[in-house]
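Novice: Have a look at this one before I ask anything.
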Amino acid sequence: GRHILAQVVEFFAVFAMGWGGRGRGDAGAAKRGVQKAIIKQPRDNAAQAFESELLDPDYNIDESQRFQGKVDYFDKRRGFGFLVPDAENLVPENKVMVHWKEITSSDRWPFLTAGLEIEFQIKKVPVKQGKRCILRAVAVTRPGGEEVALQDEVDEQREYVGGKEARYMGTVKWYHTLQGYGYITLDDAQEGTNEVKVNREEVSGGQAIPLHQGLLVEFGLIKNKKGTLIAYHVTLPGGEELTRESGEARVLAVGQFSGEIDWYDYRGSQGWIVPDNFELLPADIQESVTEQAQRRADKTGKETLETLYFRRTDMLDPSEKLQKGTKVTFEVYQSHFGAGACSVKTT
């Protein structure tokens, strides 16, 4: 079978959840896949922008040095922005991208504001199987190494319903992980409202967590400038922070399995695993992966092989280097969004 999944995605698509769809194979056997008539897809603007970022892997930058600079722009909802180093000609176009996970902060959802003075390092991230690289800001702090703490200032400016400490209960009606927002149905209506919007940056847990339909949650309520009620600091009942496992309603299957990496995107921190023996996977996992692969094939019009999706956070050691063909062991789970791999470890 052919591997056809587009390997260039817009940066903020790291927040999206997408299971299935890359390959499967028995040890020593040909991989089988599901296919629809192939339709050539045009290159989009995101792909062209990504291509323009690519640098030679030997690009000269001291990754251990700390640099000073300011925030040029930061999109809190999408979780990324750009920093401008004080030193000129340090990086192409004198800007370097930063992702929220690289901000040293204890805020619920780490973020930056335009003009903020910061300190950071610059890391080369390999792409295209190590043939090219892109630059990203990491270990972002305030000057002198102080953590970035902006949440309290934002909270002080809010108008709360029932007071800052008041908490309410509700159920997730729907939530779009990629778009970063959804709606919660209140157990008890407030001010004539029984449904409120929830934005990604108000979900506890410090990462882009998907929220499945029907999930029970606890939250505070604030009013926006128009007086509309919005959920803030969303947690599990009792105030427990949300995790990817709870947000997806994962159910871990019994057993450990082996396979190899079909594809891994360092930029998006996600990839796909080809099981050594697909038929050894639990029956419900097999069925789910096949269904996911078929949906992807129908959507893209391209051959799509059955594999297990995983994220960097599903690795036992996220610092391990992965590339196509890397041998791994893993566990599998079923969730509200589909099947996937976790506890991924190289062998």
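The values are calculated or read from the model by the stated rules, or taken from the named source; none is laboratory data. Since this is a predicted model, take the numbers as computed values, not measurements. Cβ placement follows ideal geometry from the backbone for every residue including glycine, while neighbour counts extend to all protein chains displayed. All accessible areas refer to the heavy atoms of the entire protein, side chains included, with ligands and DNA or RNA removed. Shrake-Rupley method; radii C 1.70, N 1.55, O 1.52, S 1.80 Å.
Novice: Please compare each pair in 302/327; 101/321; 131/302; 76/131; 123/299; 128/345 to a cut-off of 24 Å on the Cα-Cα distance and tell me which ones are over it.
Specialist: 302/327; 131/302; 76/131; 123/299
Novice: Let me ask something else. In Å and whole numbers, how far do the C-alpha atoms of the range 138-251 stretch along each principal axis, longest first?
Specialist: 48, 38, 27
Novice: Right, another one. Measuring from label point to label point, each 7 Å out along Cα→Cβ, what is the residue 167 to residue 114 span in nm?
Specialist: 3.7 nm
Novice: Taking only protein heavy atoms into account and a 1.4 Å probe, give the accessible area per residue of the range 114-256 in Å².
Specialist: Normalised by residue count, the accessible surface of the range 114-256 is 49 Å².
Novice: Which of the lysines could a cross-linker span from residue 173 if the Cα-Cα distance has to be under 17 Å and same-chain partners fewer than 8 positions apart are dropped?
Specialist: Once the sequence-local lysines are set aside, what remains near residue 173 is 197.
Novice: Something else: Provide the gained length on full extension for the span residue 225 to residue 213, in nm with one decimal, where the gain is 0.36 nm per separating residue minus the Cα-Cα distance.
Specialist: 1.5 nm
Novice: I need the peptides 72-85, 308-321, 179-192 ranked by packing, meaning the mean over residues of other C-beta atoms within 10 angstrom, with the highest value on top.
Specialist: Going from most to least packed, we get 72-85, 308-321, 179-192.
Novice: May I pose another question? Against the globular-protein guess of 2.2 N^0.38 Å, express the Cα radius of gyration of the range 295-347 as a ratio, rounded to two decimals.
Specialist: 1.29
Novice: Another question, then. Could you size up the charge dipole of the range 179-238 around its Cα centre, putting +1 on the beta carbon of Lys and Arg and -1 on that of Asp and Glu, and report it in debye to the nearest 20?
Specialist: So the dipole magnitude of the range 179-238 works out to roughly 300 debye.
Novice: For the range 128-157 and the range 97-113, write down the distance between their C-alpha centroids in whole Å.
Specialist: Taking the Cα centre of each part, the range 128-157 and the range 97-113 sit 5 Å apart.
Novice: Right, another one. For the range 176-267, what % of the accessible area comes from carbon and sulfur atoms, probe 1.4 Å?
Specialist: Answer for the range 176-267: carbon and sulfur cover 46 percent of the accessible area.
Novice: Please give the peptides 112-121, 292-301 ranked by average Cβ packing (other Cβ atoms within 10 Å per residue), highest first, as a rough proxy for protection.
Specialist: The most tightly packed comes first, giving 292-301, 112-121.
Novice: Taking all pairs of different Cα atoms in the range 137-182, averaging 1/r and flipping that mean, what Kirkwood radius in angstroms comes out?
Specialist: 14.6 Å
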